[in-house]
Amino acid sequence: QLRRRGFQVVLTRDDDRDLEPEQRAEAANRAGGDVFVSLHADGWFGAGASGVTTFAAPQDDEPLPDLADGFTPWHLAQRRHAAASGELAALVQPRLVAASGSPDRGIVRLDARVLQGVDMPAVMVEVGFLTDPDQERSLLDGGRRRELAAAIAEAVAAFRGGGRDGKPRASSSQEEPW
């Protein structure tokens, strides 16, 4: 969906093998990504939990430590993008709720491990619960997955200022170039 809008897409993996969160962040940083979207299917101990959730790093007004040569510790890289990550989450969540028809579990500001080392605006998206039989069935449907992908692509395009044509906006001079 994003490629159709003119975006370059880099997948950290395209199969079900395990990849550590730090490896995912490193791959995104090395690719020089504009945004990072980490897709997940949730699970819980019972079948009662359902819905979609979008996670973003917590907003923290504390200044980053002033270390030699502009070095930012790995676990703090996302902090400089927390406001932009929150904006991205605010675009993703309502679109996913509408596309999925699932309950809205909201936007959660969380210092998730998969987001910590990412040096660009980033969100982690839980597209549903595999432990909910209805959501599992829905997530196994290719058409539904395409609808969810389209919702995320629309949010990313809106975030980048490209609207439906997906042409990226210029980076703000007030932020790190992303």
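The values are calculated or read from the model by the stated rules, or taken from the named source; none is laboratory data. Quick caveat, the model's predicted, so the values are computed rather than measured. Virtual Cβ from ideal backbone geometry, glycine too; neighbours counted across all protein chains shown. Surface areas here come from the heavy atoms of the whole protein model, side chains and all, with no ligands, DNA or RNA. Shrake-Rupley method; radii C 1.70, N 1.55, O 1.52, S 1.80 Å.
At a glance:
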| item | result |
| --- | --- |
| Conditions (1) touching a residue at least 40 places away in the same chain (Cβ under 8 Å); (2) surrounded by 15 or more Cβ atoms within 10 Å (Cβ to Cβ); (3) at negative phi; (4) touching a helix residue (DSSP H, G or I) at 6+ places or on another chain (Cβ under 9 Å); number of the one not met by Ala98 | (2) |
| Considering residues of the range 8-24 that are open to solvent by less than 40 Å² (accessible area, probe 1.4 Å) and touching a helix residue (DSSP H, G or I) at 6+ places or on another chain (Cβ under 7 Å) only, the residue modelled with the highest pLDDT | Arg24 |
| Matching entry among Ala155, Ala151, Ala122 (being touching a Ser or Thr at 6+ places or on another chain (Cβ under 6 Å), open to solvent by less than 20 Å² (accessible area, probe 1.4 Å) and modelled with pLDDT of 90 or more) | Ala122 |
| Top-ranked residue of the range 26-56 - restricted to ones that are in contact with a helix residue (DSSP H, G or I) (Cβ under 7 Å, 6 or more places away or on another chain) and outside any strand (DSSP E or B), ranked as surrounded by the most Cβ atoms within 10 Å (Cβ to Cβ) | Val35 |
